[in-house]
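A short write-up of the structure that comes next.
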Amino acid sequence: MSAFSLEPEQTAWAQELRVLAATRLRPLAERGEPGRVNRPLVAELGQLGLLEALFADKEGPRSGALGLCLLRESLARSCTEAETALALQGLGAHPVHAHGTVRQREEWLAPAREGRAVAAFALSEPDAGSDAAALTLRAERDGASGWRLTGEKRWISNAPEADFATVFARTTQDAGARGVTAFLVPTDRPGLGGEPLDMLSPHPIGTLTFDGVRVTEDDVLGEVDRGFRVAMTTLNRFRPSVGAFAVGMAQAALDATLAHTSQRRAFGGVLSDLQSVSHQVAEMALRTESARLMVYAAAAAYDRGDPGIARRAAMAKLLATETAQYVVDAAVQLHGARALQRGHLLEHLYREVRAPRIYEGASEVQRSIIGKELYADHADSLTTEGPSV
């Protein structure tokens, strides 16, 4: 399958998803409290089978990284709250799907897939956001088969209301990325607390505090001191689809702009008659489609197992999130003051669109990944082919 075209089934599914988002999910989103977990919305995502798509191992046009991108883009175009609820659930539960034991999967993955249990991904800390290898949440040995977790996580998805969290803690001091272990921690463990954070975007984000929270070897996801691999495989899985979320928002802003500028009368005609306006809209469409194609290409490469996945995922996230910021800002400008009014679609998108340029690796981190990979490839080519003239 070409990375630059969709099969008819995929196109039809994307349309079906947009209808479901508008008719079944948006009403639930509108009844939710901004910045808090919307459990009815999560449950409906499970009821519709959309959470299942996060963990589908089978091959097919709706599966894999490309299927996830189609899902996230389509939901974002009609209901960003539904897209966010789905993505946060996937981020928190994917490590259990990919690295969990049989017992861990039976206890937590099935409820997460059905929308009955809410998951959190607890990586970031007050002084370790983009530099994930610098995290300091301590896991101190407590007996032969256990640890006590002490410290704080911040800017955590679905915290503190999640039912369980994938928590990354330092089990070996002064070992950088090699001394981190991933734990599956139910949030009712003694000593575990937290509070919601009031963020610019209306996402359920908060803190988790650990006061000697006990975990055992049965709670380890993957291997001891190999948790950084759990984190990176999860982020690489979801980074292209963060770009899809951004593309969905850009497309929603473009759709709204086309409708507005083709009807809004000004200067003796409609806004779309003005060359400056039509050129601006053309630029918005060009950038949106370019970002979409890069996201699809990165996802298709991931599904094929191509080399250079980290670089392609970083490129897709970087281009798509920066593009969405541009497109939404341009849409606000073309709508004028009405787009600044609380409750307007573009006012909502303007607050939503800023966060993806920071989370799951800020734009600067994506550029660092791309540069590092490029120079590594260049060095390899010199080794195998000799210097070029």
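The values are calculated or read from the model by the stated rules, or taken from the named source; none is laboratory data. What you see is a predicted model, and the numbers here were worked out from it, not measured in a lab. Cβ: placed from backbone, ideal geometry, glycine included. Neighbour counts: every protein chain shown.
Of the residues that sit in region 162-206 and are surrounded by fewer than 16 Cβ atoms within 10 Å (Cβ to Cβ) and touching a Ser or Thr at 6+ places or on another chain (Cβ under 8 Å), which one is farthest from V96 (Cα to Cα)?
The residue in question is E195.
Scan region 236-250 and report the pairs whose first residue is closer than 15 Å to R18 by Cβ and whose second residue is acidic (D, E) and assigned to a helix (DSSP H, G or I), with Cβ atoms within less than 8 Å and a gap of 6+ or a chain change.
From residues that are closer than 15 Å to R18 by Cβ, the pairs are A244/E73; F245/E73; F245/E83; V247/E73; G248/E73; G248/E83; M249/E352.
So how many residues does region 180-200 have that are in contact with a Gly (Cβ under 9 Å, 6 or more places away or on another chain) and not in a strand (DSSP E or B)?
Step one: list which residues in region 180-200 are in contact with a Gly (Cβ under 9 Å, 6 or more places away or on another chain), which gives 180-184, 187, 190-191, 194-199.
Adding the requirement that they be not in a strand (DSSP E or B) leaves 187, 190-191, 194-195, 197-199.
Adding up the residues that qualify gives 8.
Those residues that are of a type in the set (S, T, Y) and under 30 Å from R264 (Cβ atoms), I need them from region 330-389; list them, please. Give the derivation first.
The initial filter retains those residues of region 330-389 that are of a type in the set (S, T, Y), namely 350, 359, 363, 368, 375, 381, 383-384, 388.
Selection gives Y350 alone.
Checking the conditions here, which among L20, L50 is surrounded by 16 or more Cβ atoms within 10 Å (Cβ to Cβ), at pLDDT 90 or above and not in a loop (DSSP other than H, G, I, E, B)? Walk me through how you get there before you give the answer.
Numbers: L50 fails: not in a loop (DSSP other than H, G, I, E, B).
Answer to the selection: L20.
Being touching a residue at least 24 places away in the same chain (Cβ under 8 Å) and of a type in the set (D, E, K, R) is the filter here; which residues of region 298-328 pass it?
Start the filter on region 298-328 by keeping residues that are touching a residue at least 24 places away in the same chain (Cβ under 8 Å), which leaves 298-303, 308-328.
Scanning region 298-328 gives D303, R311, R312, K317, E322.
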